[in-house]
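A short worksheet on the structure shown next.
The values are calculated or read from the model by the stated rules, or taken from the named source; none is laboratory data. This one's a predicted model, so the numbers in the text were calculated from it and none came from an experiment. Note: ideal-geometry Cβ built from the backbone for every residue, glycine included; neighbour counts use all protein chains shown. We work out accessible area using only protein heavy atoms, side chains counted, and drop any ligands, DNA or RNA first. Shrake-Rupley method; radii C 1.70, N 1.55, O 1.52, S 1.80 Å.
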Amino acid sequence: ELVAVLPSPRGDRAARPVRSSSPYVAAWGEPPVVLRCGVPRPSYAADAEVFEISGVRWLPVRSGAETVWTVLDRAVHVEVTAPTVLASEPVARLSTAVSRAVPTR
């Protein structure tokens, strides 16, 4: 399970409580970086910008001050919502844990 193997603080962003009915959610910092496991596979155009970071394929969707990054190549889809100003830093830090804990499709 991915949430169980995540390192406690992410860089200088301390872990924070999460209000969710799902046990597969974790969050850090303010404004928060939020990770959710088991989200639906996103729909996206064939020419969408996809990034491979540490062997994990991520689809970023920017919306105002946030970017939602979704894993595309794993058996379970993982989503990370982060402030856009952080660019890919949150998913770069989480990619190794995703790669180790979540098998490819």
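Solvent-accessible surface (1.4 Å probe) assigned to residue 47 amounts to roughly 140 Å².
Along the axis of the charge dipole computed for the chain (Cβ charges of +1 for Lys and Arg, -1 for Asp and Glu, origin at the Cα centre), the listed residues 44, 64, 78 are led at the positive end by 78.
Quick check: with the 1.4 Å probe, what order do 79, 49, 89 take by accessible area, largest first?
Details: 79 40, 49 105, 89 65 Å².
Largest to smallest exposure gives the sequence 49, 89, 79.
Legend: P(r) of the chain from all alpha carbon pair distances, 10 Å bins from 0, whole percents, reading 15, 52, 30, 3. Taken about its Cα centre, the chain carries a charge dipole of about 280 debye when Lys and Arg each add +1 at the Cβ and Asp and Glu each add -1 at the Cβ.
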